[in-house]
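Below is one structure, written out as structure tokens; comments come after it.
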Amino acid sequence: MSNAIDIKVPDIGDFKDVPVIEIFVKVGDTVKAEDPLVSLESDKATMDVPAPQGGKVKSIAVKVGDKVSEGSILMAFEGVSAAMAQAAAAVAVKPSVSAPPSPVSAPAGVAEVRVPDIGDFKDVPVIEIFVKVGDAVTAEDPLISLESDKATMDVPAPLSGVVQAIQVKLGDKVSEGSVILALATGDAKTAAASGPTAAPALAPARAAASASAAPAGGIDETAFALAYAGPAVRKLARELGVNLGSVQGSGDHGRILREDVQAFAKGGVAAQPAAPGKAAPAPAGGGVTGIDLLPWPNVDFAKFGPIDRKDLPRIKKISGANLHRNWVVIPHVTTHDEADITDLEQFRVQMNKELEKSGVKISMLPFMMKAAVAALKKFPEFNASLDGDALVLKNYWHIGFAADTPNGLMVPVIRDVDRKTVPEIAKEMGELAKLARDGKLKPDQMQGGTFTISSLGGIGGIYFTPIINAPEVSIMGVCKSYWKNVSTDGKSSSWRLTLPLSLSWDHRVIDGAAAARFNVYFAQVLADLRRVLF
Ligand code: CAO
């Protein structure tokens, strides 16, 4: 016999009085078993309540904003057999942590952070733990890194807080929902932070470095995991092949709704890959709209000849994702110039002779760092970062240098180059380059850079287009110096050692004339270092 049944909130763990944030059905809708009915959101998790069975919605007992607990009646189905009605009560929902609406909305307490939706991945090993007990983290700081055979994913903090306990260790295998750690938030955070083990929050650059391998033309799993959306919306996004990280949510606090995903799939809504729950820092990194590209070619290479397949090293995946973002987001222009380093080279050779016993060997790069500081002081907008509509001008000069390592490109940073001597810079550069090559560089040794030099001088080439290391706004690329016959009056000429310079700059911040002036001055300083005294 067929009758009506009440659909109740099933076992949702310890959650009580959880607000209904979305209702997916209306009276008269026919639903199948497992179709999402409503979405609930606690401070720690977003949970969809699925239909325990198929049926027709007879009435709905809740509205958005109502608070419910286990056993609360949500709606009634009609056309349900008694046996089915009994089975209905047994269905449970699976909480999944998704990004919170806003870090400031987190109540005081201890949040249990779980592995969010990571697609079809299961039993994925933890390959890195970025935090320790007592560390203060802000929302979106990476907590741990997981590596499947297909992708590396950082799990970000869903809330700001202080790490109270870590429930995983390296090598542990985790899946969606596995508990990672406990995070003290609100007042609890303050208490925890004042304890002896409290450490400063991870710097933003750390978060910037977190990235996953986005399968070519496919879904960027990290962005997907970070997106602020409930499980049903995630499921729908997967079904429609929509990259959630690119969808702008129209729900409360930017939560992504079913309609947003549907509209996106139809191509009707602008993409916005900004971090969930945060206003996009518009010009600096967010606001990439609708890059509507063809899918990546899916070619069976083996059809055309023998192949080998090799996974990209982790560093390459991370730097690749960063380089890709920087290339796509920043309007790059590269200005080429050259510097006469004939005299400087003589001086360098002389200084190396004098320093022979010290064990420090100086290449051209430390001199270029000094020249960079001089040019950055003269043109401060090159030593800056975009923050929304504002330019942050930095009164410190930390210069990064691209280091080629067996695992990929890394950018160690030498701090306070203005206050260091050339031999000091050379020594530190050698130490940092070694750490990079040995894979031992610490995150803070790659943070805080204000300008980067990428030198291919030891290898070759003439000019290239270096990619800006966001959030910096310019980068100097240098190639191998060569002897050039130069005439200054069109009558006589002489051979000069010439260093090719390629300055890439962010056209949102810097104009072509300023870039040309920067290059000219940089070259003048290298030609005659006495200029730094002026
Ligand atoms: N012109 C001519 N010779 C140069 C030169 C230049 N511009 N720059 C360096 N050299 C010489 C050095 O003097 C050195 O010569 P000796 O062996 O005779 O002493 C030799 O080239 C090798 O230099 P180096 O590379 O060891 O030293 P460095 O200080 O110039 O650079 C480092 C250090 C770590 C930056 C470099 O080893 C490196 O990794 N470079 C690659 C950076 C890179 O990959 N950039 C591309 C990023 S975009 O993908």
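The values are calculated or read from the model by the stated rules, or taken from the named source; none is laboratory data. Fair warning: this is a prediction, and the values are worked out from it, not measured in the lab. Because the Cβ atoms are built from the backbone with ideal geometry, glycine has one as well, and the counts that use them run over all protein chains shown.
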Margin query: Among the numbered criteria (1) closer than 23 Å to ASN322 by Cβ; (2) over 21 Å from the mean Cα position of the chain (by Cα); (3) not hydrophobic (A, V, I, L, M, F, W, C), which one does THR421 miss?
Written below: (1)
Check: When the range 101-120 is examined, which residues are found to be modelled with pLDDT of 75 or more and surrounded by fewer than 20 Cβ atoms within 10 Å (Cβ to Cβ)?
Finding: GLU112
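Taking into account only those residues within the range 361-372 that are buried (at least 18 other Cβ atoms within 10 Å of the Cβ) and over 15 Å from LEU503 (Cβ atoms), which is farthest from the ligand (Cβ to nearest atom)? Break it down stepwise before answering.
Narrowing the range 361-372 to residues buried (at least 18 other Cβ atoms within 10 Å of the Cβ): 362, 364-372.
In the following step, the residues that additionally are over 15 Å from LEU503 (Cβ atoms) were identified as 362, 364-367, 370.
Details: ILE362: 8, MET364: 5, LEU365: 4, PRO366: 7, PHE367: 10, LYS370: 13 Å.
Going through the qualifying residues, I end up with LYS370.
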Next item on the list: Test each condition in (1) within 18 Å of SER504 (Cα to Cα); (2) in contact with a helix residue (DSSP H, G or I) (Cβ under 8 Å, 6 or more places away or on another chain); (3) within 8 Å of the ligand (Cβ to nearest atom) for SER481 and report the one that comes out false.
Entry: (1)
Check: Does the range 499-534 hold any residues that are surrounded by 19 or more Cβ atoms within 10 Å (Cβ to Cβ) and hydroxyl-bearing (Ser, Thr, Tyr), and which are they?
Finding: SER502, SER504
Margin query: Can you tell me which condition ALA402 does not meet? The list is (1) touching a Ser or Thr at 6+ places or on another chain (Cβ under 7 Å); (2) without any contact (Cβ under 8 Å) to a residue 40 or more places away in the chain, and all the others hold.
Written below: (2)
Next item on the list: Could you tell me which residue of the range 373-406 is nearest to the ligand (Cβ to nearest atom), considering only residues that are of a type in the set (Val, Ile, Thr) and either surrounded by fewer than 19 Cβ atoms within 10 Å (Cβ to Cβ) or more than 17 Å from PHE534 (Cβ to Cβ) (or both)?
Entry: THR405
Note to self: Where the second residue is buried (at least 19 other Cβ atoms within 10 Å of the Cβ) and of a type in the set (Asp, Glu) and the first is outside any helix (DSSP H, G or I) and lies in the range 319-333, which pairs have Cβ atoms under 7 Å and are six or more apart or on separate chains?
What the structure shows: ILE330/ASP506; PRO331/ASP506
Note to self: Restricting to the range 431-471, give me the number of residues that are away from the ligand (no atom under 14 Å from the Cβ) and charged (D, E, K, R).
What the structure shows: 3
Check: Just checking, how many residues over the range 13-64 are part of a loop (DSSP other than H, G, I, E, B) and more than 25 Å from VAL113 (Cα to Cα)?
Finding: 18
Notebook entry, point to check: Here are some conditions: (1) away from the ligand (no atom under 16 Å from the Cβ); (2) modelled with pLDDT of 95 or more. THR488 meets all but one. Which one does it not meet?
Noted result: (2)
Note to self: Just checking, does the range 184-191 include any residue being modelled with pLDDT under 85, surrounded by fewer than 20 Cβ atoms within 10 Å (Cβ to Cβ) and in a strand (DSSP E or B)?
What the structure shows: no
Notebook entry, point to check: Is one or more of the residues making up the range 461-481 surrounded by fewer than 20 Cβ atoms within 10 Å (Cβ to Cβ) and either over 27 Å from ASN383 (Cα atoms) or over 33 Å from the mean Cα position of the chain (by Cα) (or both)?
Noted result: no
Margin query: I'm checking my understanding of the structure. Among residues of the range 407-418 that are of a type outside the set (Val, Ile, Thr), under 20 Å from the mean Cα position of the chain (by Cα) and assigned to a loop (DSSP other than H, G, I, E, B), which one is farthest from the ligand (Cβ to nearest atom)?
Written below: ASN407
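Listed here are the residues, each with its yes/no results for (1) surrounded by fewer than 19 Cβ atoms within 10 Å (Cβ to Cβ); (2) modelled with pLDDT of 85 or more; (3) touching a Gly at 6+ places or on another chain (Cβ under 7 Å); (4) among the charged types (D, E, K, R).
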{"site": "ASP11", "(1), (2), (3), (4)": "yes, no, no, yes"}
{"site": "VAL20", "(1), (2), (3), (4)": "no, yes, yes, no"}
{"site": "VAL27", "(1), (2), (3), (4)": "yes, yes, no, no"}
{"site": "GLU34", "(1), (2), (3), (4)": "yes, no, no, yes"}
{"site": "SER39", "(1), (2), (3), (4)": "no, yes, yes, no"}
{"site": "VAL57", "(1), (2), (3), (4)": "no, yes, yes, no"}
{"site": "ALA61", "(1), (2), (3), (4)": "yes, yes, no, no"}
{"site": "GLU78", "(1), (2), (3), (4)": "yes, yes, yes, yes"}
